[in-house]
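The values are calculated or read from the model by the stated rules, or taken from the named source; none is laboratory data. Only a predicted model underlies this, so the values are computations on that prediction, with no experimental measurement involved. Note that each Cβ is placed from the backbone with ideal geometry, even for glycine, and that neighbours are counted across all protein chains shown.
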Amino acid sequence: MKAPEASINEDPIVLVRGKFAPLHAGSVMVLDFARGLGRGQLWILLDDCDSVVEAELKRCLNKTSQSKNERALSSSFADCITEAAPGAKLFRLSQTDNLEELLPGRPDVVVGSDAEDRELADRLNCAFIPVDPQRGLIPVQGKSLRQDPLNHWQWIYPGVRSQFVRRVCIFGPESTGKSTLARNLAEHFNTVSVPEWARTMLESRDNELREEDLPIFARGHAALEDAMAREADRLLFCDTDAITTLIWSEWLYEGRCHPEIRRLADERLYDLYLLTDVDVPWVEDPQRYLPTKRKEFHQRCVEELNKREIAFVEIKGGWDERLATAIAAVEAAFLPEKAVRH
């Protein structure tokens, strides 16, 4: 049945359908257009990701990860839709759902950019109103974002950008320049870094370290990373991680390690590991413990990464050389067009 000619009453029910995987500026523009058509209701029909789209998303989230574990898809993709369209009713459509039974009634208008949207209007016997079918206003589509999010960053909805941030872990023994390297990399790539959160806690209590503090350190650092990921521009540079906390726990406390630390070490994922060598002078600090054991600790870091089958880039030499090596590694992993120009 052909959809009726478009006509809008004073209080139309407007339906927008999409995968929103992820939500982006083009999708938000369509939602805003739909909301602006009248004072009526906005219904959003969320297609459950089909196998192709879900595979694209998983590849996007995990393609550069140097961990064998897969990063899970986030429910915040859907959560942000209602944030972008407050007051809208959200309906989730799976392949087994009957559309006519899922919706509480018949909408007056279907708004969309694709041929599938017109077909939906025909199916529901309601009007169809197109918006930017040529993608001339906002030149981006969900598939492009899934395949190359970093080069389409400005179009990704801010609420889901953190899902696509590439996390770089600066990993290694104490007094090897991890904090400085994280800050310098963040400055170079115009983004933010995450300092070692345990240092903040220790400074608040005169640098007194207790075994029971370590799981708190690991959880606090993870929480700070996730908070800073929302502020990051494509890349997030992290000074240390839960694997480091695990190594320290076993080193200082006769092989003991709290299960929470082990869980975080297994679950926290990074896209690139930079392992700092010990070929720089030791600098005294009240929170540093092993001035004569850095080589042994470095070897323990290598063993832990190898055990987990995590690839890493070694950072050696003077300070300028270390920064240059790290920049080159980051560009090669995430910004190949820059690496080629160099």
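Of all the residues that make up segment 185-207, how many are closer than 16 Å to residue 273 by Cα and more than 18 Å from the chain's Cα centre (by Cα)?
3
Of everything in segment 1-25 that's modelled with pLDDT of 85 or more and touching a Gly at 6+ places or on another chain (Cβ under 6 Å), which residue is nearest to residue 114 (Cα to Cα)?
Checked segment 1-25; the qualifying residue nearest to residue 114 (Cα to Cα) is 13.
Can you say whether residue 193 is in contact with a helix residue (DSSP H, G or I) (Cβ under 8 Å, 6 or more places away or on another chain), modelled with pLDDT of 95 or more and of a type in the set (Gly, Ala, Ser), as far as the supplied structure shows?
yes
Pick from segment 174-196 the residues that are touching a Leu at 6+ places or on another chain (Cβ under 9 Å) and of a type in the set (D, E, K, R): which of them is farthest from residue 240 (Cα to Cα)?
Result: 174.
Just checking, does segment 190-203 include any residue being part of a strand (DSSP E or B) and under 25 Å from residue 308 (Cβ atoms)?
Yes, segment 190-203 contains at least one residue that is part of a strand (DSSP E or B) and under 25 Å from residue 308 (Cβ atoms).
What's the number of the only condition in (1) modelled with pLDDT of 90 or more; (2) out of contact with any strand residue (DSSP E or B) (no Cβ under 9 Å at 6 or more places or on another chain) that residue 112 fails to meet?
(2)
When you scan segment 289-308, do you find a residue that is in a helix (DSSP H, G or I), in contact with a helix residue (DSSP H, G or I) (Cβ under 6 Å, 6 or more places away or on another chain) and at negative phi, even just one?
Scanning segment 289-308 turns up at least one residue that is in a helix (DSSP H, G or I), in contact with a helix residue (DSSP H, G or I) (Cβ under 6 Å, 6 or more places away or on another chain) and at negative phi.
Out of all the residues in segment 249-271, is one or more aromatic (Phe, Trp, Tyr), in contact with a helix residue (DSSP H, G or I) (Cβ under 8 Å, 6 or more places away or on another chain), assigned by TED's automatic domain parsing to the domain that holds residue 298 and closer than 18 Å to residue 297 by Cα?
Yes, segment 249-271 contains a residue that is aromatic (Phe, Trp, Tyr), in contact with a helix residue (DSSP H, G or I) (Cβ under 8 Å, 6 or more places away or on another chain), assigned by TED's automatic domain parsing to the domain that holds residue 298 and closer than 18 Å to residue 297 by Cα.
Counting only residues that are at pLDDT 95 or above and acidic (Asp, Glu), which one in segment 286-305 is nearest to residue 199 (Cα to Cα)?
Applying the filter and picking the extreme gives 304.
Please work out which residue is modelled with the highest pLDDT, limiting yourself to segment 245-285 and to residues that are on the phi < 0 side of the Ramachandran plot, surrounded by fewer than 16 Cβ atoms within 10 Å (Cβ to Cβ) and not in a helix (DSSP H, G or I).
Per the criteria, the residue is 256.
Given the residues 231, 212, 187, which is the only one that is surrounded by fewer than 16 Cβ atoms within 10 Å (Cβ to Cβ) and outside any helix (DSSP H, G or I)?
Matching residue, one of 231, 212, 187: 231.
In the set 123, 146, which member is closer than 30 Å to residue 233 by Cβ and assigned to a helix (DSSP H, G or I)?
146
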